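Note sheet for the following structure.
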Amino acid sequence: MKDSFENEISRRRFIAKVGKGFVAANVAGTFLKAAAAKEVAAADSPGSKLGWAIVGLGNLAIHEILPAFAKCEKSKVTALVSGHPDKANKLAQQYGVNPKNIYNYQNYDSIKDNPEVDIIYIVLPNGMHAEYTIRGFQAGKHVLTEKPMANTPDDCQKMIDAGRKAGRKLMVAYRCRYEPYNKEAIRIARSGELGPTQVILANNGWRVTDPDQWRLKKDLAGGGSMMDIGIYALQAARYLSAEEPTEVNALIYTTPNDPRFKEVEENINFQLRFPSGILANCTSSYGYDAQSHYRVIGTKGWLEMEPATVYRDLRMRVHRNGISEERSLPALDHFTLEMDHMSECVMQNKEPLTPGEEGLRDLKIMMAVYSAAKTGKTVKL
Ligand code: NAD
């Protein structure tokens with residue numbers, strides 16, 4: 001697949017123009033600058049690293065995950081799993097993976113005999129996450145799986161159960177939870193600096209062009225834009241509010257007779273009600289060009305991220321007392337941070353920040369969103 005939302009939007013260069021009435025402020029401080037320096041230095045630091053197998057060598061694995069190992073302090077790539085031996089061999093050579101550690105989807109289970117692999121990263125189409133996660137646990141490995149965790153809450157539960165049975169860790173790859181901008185947005189939104197949050201607006205969209213790609217097939221994708229990128233808006237509403245929604249409403253619109261949308265939805269708008277009274281308006285689309293945005297509106301100010309959830313060039317503005325500030329933070333690699341978090345959890349026997357239960361919560365809410373759209377009724381959670 002050539003065009004993905006994240007690749008598409010990250011190509012856009014959001015030139016850091018500070019507009020009239022805006023004050024540029026670097027709130028990073030020395031601590032975060034030091035973190036950036038450490039990221040660069042990490043490529044050379046030896047130390048103990050866990051071995052990772054990457055399952056599925058598509059766009060995300062090739063362009064983001066494999067390059068991110070160079071900056072990892074606790075993670076190294078030691079195996080590849082692919083249906084295309086030529087591609088796997090080429091990448092193995094490029095990233096120093098021993099050719100004996102290349103697997104295909106048939107002999108994948110024999111990875112259990114490979115002590116060089118501690119953690120398996122599932123980067124396959126959504127509908128394949130459950131099977132390859134469960135097989136990974138049966139092979140005695142820990143598993144990081146891409147988002148959405150699976151197509152259904154049932155599958156998520158099976159993955160969680162398999163991890164428990166194997167005594168191994170399961171994490172969902174919600175990379176935004178590990179990078180500085182979204183972490184700072186969470187801190188500000190929850191701190192009360194903006195007053196109590198009233199409303200959260202979140203929008204994610206990209207224009208799908210290839211009608212044959214797996215993202216448009218129900219069995220491989222689980223659904224349309226909601227499952228692929230609406231999940232970012234849902235996650236943002238949940239992590240910025242630090243609450244769980246109690247009710248959802250939703251509307252879907254899909255362009256009639258568009259050959260891309262025979263099986264899944266194009267546009268979906270959904271609303272969430274949170275216990276404290278916070279309301280969230282979320283949108284996702286496969287119909288328009290790159291959008292990645294959220295705004296948290298409190299009684300005393302607002303915070304905006306645009307782009308909010310892409311791989312790089314994130315931007316934050318905070319408005320208080322009539323002044324808008326652009327906040328600049330270190331740009332760290334989301335995948336490096338996410339993978340090192342998982343390695344650290346395994347090394348220190350800690351629960352990941354985004355465990356399987358977090359993926360399951362999103363799947364349950366997304367199913368409620370689909371149900372609200374189908375019935376035209378509010379769904380209580
Ligand atoms: P992709 O289409 O580029 O790659 C998918 C890989 O799976 C390919 O190597 C393909 O050969 C392989 N594959 C095996 N069996 C397949 C089948 N039956 N049909 C199609 N492909 C098959 O997709 P991608 O963009 O790399 O996405 C992979 C996963 O990563 C998805 O779950 C997606 O949601 C997730 N993703 C996450 C992010 C993020 O920022 N966290 C970004 C992009 C994608």
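The values are calculated or read from the model by the stated rules, or taken from the named source; none is laboratory data. Model, not experiment: these values are computed from the prediction. Cβ: placed from backbone, ideal geometry, glycine included. Neighbour counts: every protein chain shown. Protein only, heavy atoms only, side chains kept; ligands, DNA and RNA dropped before computing areas. Shrake-Rupley method; radii C 1.70, N 1.55, O 1.52, S 1.80 Å.
Overview of results
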item	result
Farthest toward positive dipole pole in the chain [+1 Lys/Arg, -1 Asp/Glu at C-beta], among G277, L251, I122	G277
Gyration tensor verdict on the stretch 217-355 (Cα atoms; rounded if a/c is under 1.5, prolate if a/b is larger than b/c, oblate otherwise)	oblate
Dipole magnitude of the chain, debye to nearest 20 (Cβ charges: Lys/Arg +1, Asp/Glu -1, about Cα centre)	540 debye
Surface/4 of the Cα convex hull for the chain, nm²	18.9 nm²
Environment charge at S284 (Cβ cut-off 11 Å; Lys +1, Arg +1, Asp -1, Glu -1)	-3
Karplus 3J(HN,Hα) series, Hz, for the stretch 141-153 with 6.51 cos²θ - 1.76 cosθ + 1.60 (x for Gly, Pro)	9, 7, 10, 10, 10, 5, 8, x, 4, 6, 7, 9, x
Dipole in debye (nearest 20) - the stretch 110-249, about Cα centre, beta carbon charges: Lys, Arg +1; Asp, Glu -1	260 debye
Carbon and sulfur %, accessible surface of the chain computed with the full protein complex present, 1.4 Å	52 percent
Surface accessible to a 1.4 Å probe, per residue, for the residues of the chain, Å²	43 Å²
Lys/Arg +1, Asp/Glu -1 at C-beta; the stretch 123-270 dipole; positive extreme among A242, L170, L216	L170
The stretch 273-285 - phi-based ³J(HN,Hα) in whole Hz, Karplus 6.51/-1.76/1.60, Gly and Pro as x	10, 9, x, 6, x, 4, 10, 10, 10, 10, 9, 9, 8
Listed peptides 142-155, 51-64, 321-334 by packing density, highest first (mean Cβ within 10 Å)	142-155, 51-64, 321-334
Residues of the stretch 121-149 with amide N under 17 Å of the 7 Å Cα→Cβ point at I62	123-125
Under 12 Å, Cβ to Cβ, from A189 - net charge with Lys/Arg +1 and Asp/Glu -1	+1
Per-peptide average of other Cβ atoms within 10 Å, ordering 214-220, 224-230 highest first	224-230, 214-220
Under Karplus coefficients 6.51, -1.76 and 1.60, residue-wise ³J(HN,Hα) of the stretch 355-367 in Hz, glycine/proline x	x, x, 4, 5, x, 4, 4, 4, 4, 4, 5, 5, 5
Counted charge near N151, where neighbours are those whose Cβ lies closer than 14 Å (Asp, Glu -1; Lys, Arg +1)	-2
Long pairs among K183/K374; K147/K380; K141/K377, criterion Cα-Cα beyond 31 Å	K183/K374; K141/K377
Global geometry of the stretch 73-179, whether rounded, prolate or oblate, following the gyration tensor of its Cα atoms and the 1.5 cut on a/c	prolate
